[in-house]
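For reference, the structure I am asking about is given below.
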Amino acid sequence: MYKIEILDKNKFQVIVVGGGLAGLISSICLQRAGVNTLLIEKKQYPFHRVCGEYISMEVKPFLERMELFPDHLKPSMLNRFNLSDLKGNIAEVDLPLGGFGISRYQLDEFLYQKALDAGVEVKTKAEVINIRYHENEFIVNLKNGDKFRGEFIINAYGKRSKLDKTFDRNFIKKKSPFLGVKYHAKVEFPNDLIGLYNFKGGYCGVSHVEEDKVNICYLSRRENLKGYGGIAEMEEAVLYQNPILKDLFERSEMLFDKPEVINEISFEQKASVENHMIMVGDTAGLITPLCGNGMAMAIHGGYLASASIIKFYQGKLKSRQEVESEYKNVWQQNFSKRLWVGRKTQNLFGNQMRAGLSVHFVKNFPILAKRLIQQTHGEVF
């Protein structure tokens, strides 16, 4: 396999921007295949992220093969799903494939250590402010003045970043009406269940992660905040209208000093390759949280991006254009349909009439409901 000159400490075969699941998985796969990789992460591990923290079982065989499944953390095993409308009426169905729950705080830290073990060079507390493509390589500029060169770029910096504005990406030009809020809590809740509970203008997901902690994560229209002093006041005025959520919040011992919050969450379509940069995870396309499949897609996408680049260094793909073309194709095959289904399904939530119809559908047509859930998930790989 081709190797760059080792004396040039600021040049790498691949630079991965963003150390979430997609970035960590792609960097581990690349480095293990002998591809010299730099991973740049803005924060310092470990840290929390706004995330539902449920992973579909479709990725478990891959993680186990790669010795990346965190057995020692004892993730929760989730195989039941229940859904409520705004009034608290519930329907339940078994999850066709099931999944497991684990916090990003623990999982990202675990994969970060695996990346270091593999030999990935990792720079944390380092913010990328610009990436420029010039003469068949990329120049990556950091906020602290450091500069790196790479033959390929994988962008895995997440849902929304200043870099999206720098790159003038189409989706960033449209304001998004959504915000996301996450808590960890100590509260009695079934260990094998994912709950998805509607409220006016949003919905809240609830499930166990490791160490008997419960993740409470919701998506809300930002307009819900208008007229209230803050998040807590909005929750009491809006979320508590669903009796299930009122009971859950009142019983919960919240484990964060304050909730994790993210604004401007966009579900607009994005490109998987832009200006020769390969986009993965939420940077390439964000699936609606109600589908509960964003973490699995990030893991799978990180693998697919690394696989295309590895083929180039193995001589199986002959040019940058072939790498980009293959990645675009496999991304489209694996993710485009479920992103579309997610966007359409999202319209059924946050409104009493539509949410009530959804509960009726799940309750009376469980087989069809399972098929719809399968449309937002991929095949085991």
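State the extension gain, in nm to one decimal, for the chain segment bounded by residue 352 and residue 307, taking 0.36 nm per residue of separation less the distance between their alpha-carbons.
Roughly 11.8 nm would be gained on extension.
Sticking with this structure for a sec: Show the residues, 5+ positions off or on another chain, whose built amide H is closer than 5 Å to the amide H of residue 274.
Residues meeting the criterion, in which the H sits 1.01 Å from N, are 279.
With +1 on each Lys and Arg Cβ and -1 on each Asp and Glu Cβ, how big is the dipole of the chain about its Cα centre, in debye rounded to the nearest 20? Let's see the in-between values first.
Details: 52 positive and 44 negative charges, 234 e Å.
It comes to approximately 1120 debye.
Applying a 10 Å radius around every beta-carbon, put 83-96, 18-31 in order of their mean neighbour count, most first.
Numbers: 83-96: 18.9, 18-31: 28.8.
Those peptides, ordered most packed to least, come out 18-31, 83-96.
Given the options 145, 237, 158, identify the residue whose Cα lies farthest towards the positive end of the charge dipole of the stretch 131-250 (+1 on Cβ of Lys, Arg; -1 on Cβ of Asp, Glu).
145
May I ask you to evaluate 6.51 cos²θ - 1.76 cosθ + 1.60, the Karplus curve with θ = phi - 60°, for each residue of the stretch 225-237 and list the ³J(HN,Hα) values in order in whole Hz, giving x for glycine and proline?
6, 4, x, 10, x, x, 4, 4, 5, 5, 4, 5, 7
Hey, another quick one. Pull up the DSSP beta bridges for the chain and report the antiparallel fraction as a percent, rounded to 5. Walk me through the numbers on the way to the answer.
On the way: 50 of 70 bridges.
Antiparallel bridges: around 70 percent, rounded to the nearest 5.
Compute from the Cα atoms of the stretch 42-189 the Rg and the Dmax, the latter being the longest Cα-Cα distance, and quote both in angstrom.
Using the Cα atoms of the stretch 42-189, the pair Rg, Dmax is 19.5, 60 Å.
Now for a different question. Label points 7 Å out from Cα along the Cβ direction at residue 381 and residue 365: separation in nm?
For the pair residue 381/residue 365, the computed spacing is 3.0 nm.
List the residues whose amide H sits under 5 Å from the amide H of residue 317, counting only those 5 or more places along or on another chain, with H placed 1.01 Å from N in the peptide plane.
312
Which ³J(HN,Hα) values in Hz, rounded to whole numbers, follow from the phi angles of the stretch 112-117 under the Karplus curve 6.51 cos²θ - 1.76 cosθ + 1.60, where θ = phi - 60° and Gly and Pro get x?
Here the 3J(HN,Hα) series is 4, 5, 5, 5, 4, 4 Hz.
Based on the mean of other Cβ atoms within 10 Å per residue, sort peptides 266-272, 200-206, 311-317, 49-55 so the most packed one is first. Provide the component values of the computation, followed by the final result.
Numbers: 266-272: 17.7, 200-206: 22.4, 311-317: 15.7, 49-55: 25.3.
Answer by packing, highest mean first, reads 49-55, 200-206, 266-272, 311-317.
Okay, moving on. Scan around residue 121 for amide H atoms under 5 Å from its own, H built in the peptide plane at 1.01 Å from N, and keep only partners 5 or more places away or cross-chain.
Result for residue 121 returns 37, 39.
Using only Cα positions of the stretch 1-96, each an equal point scatterer, no hydration layer, compute I(q)/I(0) via Debye at q = 0.24 Å⁻¹ and quote the log10 values to two decimals.
Reported log10 I(q)/I(0), two decimals: -1.32.
Ok, one more. With Rg and the Kirkwood Rh both taken from Cα atoms, where does Rg over Rh land for the stretch 196-349? Provide the component values of the computation, followed by the final result.
On the way: Rg = 19.5 Å, Rh = 18.0 Å.
Looking at the stretch 196-349, the ratio lands at 1.08.
Let me have the 222 nm mean residue ellipticity of the chain computed from DSSP H runs of 4+ only, each contributing -39500 (n - 2.57), with the sum over all residues rounded to the nearest 500. Mind dumping the intermediate values first?
Working: 11 runs with 119 residues, N = 381.
Value at 222 nm, helices only: -9500 deg cm²/dmol.
If you don't mind, another one. Regarding the chain, what's the average projected area of the Cα-atom convex hull, expressed in nm²? Walk me through the numbers on the way to the answer.
Numbers: hull surface 72.7 nm².
Average projection, Cα convex hull of the chain: 18.2 nm².
OK, next. Ordered by residue, what ³J(HN,Hα) values in Hz, to whole numbers, does the stretch 93-103 give under the Karplus form 6.51 cos²θ - 1.76 cosθ + 1.60, where θ = phi - 60° and Gly and Pro are x?
Per residue, the Karplus-derived 3J(HN,Hα) values read 8, 6, 6, x, 10, x, x, 9, x, 7, 6 Hz.
Give, rounded to the nearest 20 debye, the magnitude of the charge dipole that the stretch 75-159 has about its Cα centre when Lys and Arg contribute +1 at Cβ and Asp and Glu contribute -1 at Cβ. Please list the in-between numbers first.
Details: 11 positive and 12 negative charges, 57 e Å.
Result for the stretch 75-159 is approximately 280 debye, rounded to the nearest 20.
Distance between the C-alpha centers of the stretch 74-146 and the stretch 190-251? Whole Å please.
Distance between centres, Cα-based: 22 Å.
Since every read-out is calculated from the coordinates, none of them should be taken as a lab result. The model shown is predicted, which means the values in this text are computed figures rather than measured ones. Cβ coordinates were reconstructed from backbone atoms using ideal geometry, including for glycine residues, and neighbour counts include every protein chain displayed.
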